[in-house]
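Enquirer: Encoded as structure tokens, here's the structure I'll be asking about.
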Amino acid sequence: MVENGTLTRLRPGWFALGAHDLRAATAVRDGGVLGCVSALQFHGLWVPSGHTALHLRRSPKMTGKNAACRPFQGPVRSTVDAIDSIPVALKYAAHCLDADEWIAVCDSHLNSTGESVEDLLAQMGAVGPTVRAISPTAPIRVHNPGRRASRGYGSAPHTSQLSSNRG
């Protein structure tokens with residue numbers, strides 16, 4: 001199938017069908033998988049403007065020409081998919097996005113899916129104290145959609161699941 005063009009060999013053991021995502025193929029060719037902000041964009045999540053670079057996740061033993069994203073804690077060591085799931089991508093994006101941006105992306109995802117903050121954090125696995133400190137459930141964090149809107153993260157303040165989950 002590689003010979004007739006039906007499949008494209010990306011790296012040993014990884015192939016792509018004729019119609020494939022070019023950013024994901026680039027990440028796989030570079031020894032990783034599409035992750036972090038790039039995976040969130042692939043899955044159709046709202047991401048603040050200005051994040052156009054390729055974000056990928058790779059095993060610490062793999063190397064490549066593009067820098068790999070790292071989580072604050074608990075790296076995901078392996079995968080069978082060329083594109084990270086939303087929880088894994090959010091886990092890595094916590095390191096690449098500003099805290100307000102990360103909260104806004106999580107807020108957008110939670111509002112569109114109806115998923116709970118607790119469920120999302122559980123799916124992310126070990127996140128470490130930094131993500132817990134900026135997580136939507138942190139009691140010291142004041143979630144202010146108006147501030148997000150004024151910084152270009154949205155068009156108008158709205159009621160969010162993140163702010164409704166604070167005690």
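Enquirer: Among the residues in segment 136-151, are any at pLDDT below 55, assigned to a loop (DSSP other than H, G, I, E, B) and among the small types (Gly, Ala, Ser)?
Expert: Yes, segment 136-151 contains a residue that is at pLDDT below 55, assigned to a loop (DSSP other than H, G, I, E, B) and among the small types (Gly, Ala, Ser).
Enquirer: Of the residues Leu110, Leu10, which single one is in a strand (DSSP E or B) and buried (at least 17 other Cβ atoms within 10 Å of the Cβ)?
Expert: Values: Leu110 fails: in a strand (DSSP E or B).
Matching residue, one of Leu110, Leu10: Leu10.
Enquirer: Still on this model: With more than 22 Å from Thr8 (Cα to Cα), of a type in the set (Asp, Glu), assigned to a loop (DSSP other than H, G, I, E, B) and without any contact (Cβ under 8 Å) to a residue 60 or more places away in the chain as the only criterion, which of Glu115, Glu101 stands out? Give the derivation first.
Expert: Working: Glu101 fails: assigned to a loop (DSSP other than H, G, I, E, B).
One residue alone meets the criteria, Glu115.
Enquirer: In contact with a strand residue (DSSP E or B) (Cβ under 8 Å, 6 or more places away or on another chain) and modelled with pLDDT under 90: is that true of Thr130 in this structure?
Expert: No, not satisfied.
Here is a yes/no grid of residues against (1) in contact with a strand residue (DSSP E or B) (Cβ under 6 Å, 6 or more places away or on another chain); (2) touching a residue at least 24 places away in the same chain (Cβ under 8 Å); (3) among the small types (Gly, Ala, Ser):
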| site | (1), (2), (3) |
| --- | --- |
| Ala25 | yes, yes, yes |
| Leu34 | yes, yes, no |
| Phe42 | yes, yes, no |
| Ser49 | no, yes, yes |
| His55 | no, yes, no |
| Gly64 | no, yes, yes |
| Pro71 | no, yes, no |
| Lys91 | no, yes, no |
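Enquirer: Filter segment 62-95 down to the residues that are under 9 Å from the mean Cα position of the chain (by Cα) and assigned to a loop (DSSP other than H, G, I, E, B) and list them by number.
Expert: Applying the first criterion (under 9 Å from the mean Cα position of the chain (by Cα)) to segment 62-95 yields 84-94.
Result: Asp84, Ser85.
Enquirer: Looking only at segment 89-114, count every residue that is among the small types (Gly, Ala, Ser), modelled with pLDDT of 90 or more and farther than 18 Å from Leu56 by Cβ and tell me the total.
Expert: Kept after step one, since they are among the small types (Gly, Ala, Ser), are these residues of segment 89-114: 89, 93-94, 99, 104, 108, 112, 114.
Checking which are modelled with pLDDT of 90 or more leaves us with 89, 93-94.
Next, from what is left, pick out any that are farther than 18 Å from Leu56 by Cβ: none.
Of the residues in segment 89-114, 0 are among the small types (Gly, Ala, Ser), modelled with pLDDT of 90 or more and farther than 18 Å from Leu56 by Cβ.
Enquirer: If you take the residues of segment 21-46 that are open to solvent by 60 Å² or more (accessible area, probe 1.4 Å) and in a loop (DSSP other than H, G, I, E, B), which of them is modelled with the lowest pLDDT?
Expert: Trp46
Enquirer: In the set Ser59, Ser49, which member is modelled with pLDDT under 95, assigned to a loop (DSSP other than H, G, I, E, B), out of contact with any Cys (no Cβ under 9 Å at 6 or more places or on another chain) and within 16 Å of Trp102 (Cβ to Cβ)?
Expert: Working: Ser59 fails: within 16 Å of Trp102 (Cβ to Cβ).
Of the residues listed, the single one that is modelled with pLDDT under 95, assigned to a loop (DSSP other than H, G, I, E, B), out of contact with any Cys (no Cβ under 9 Å at 6 or more places or on another chain) and within 16 Å of Trp102 (Cβ to Cβ) is Ser49.
The values are calculated or read from the model by the stated rules, or taken from the named source; none is laboratory data. Just so we're clear, the structure is a prediction, and the values are computed from it rather than from any experiment. Cβ atoms come from the backbone with ideal geometry, glycine included; neighbour counts cover every protein chain shown. Ligands, DNA and RNA are excluded from the accessible area calculation, which covers all protein heavy atoms including side chains. Shrake-Rupley method; radii C 1.70, N 1.55, O 1.52, S 1.80 Å.
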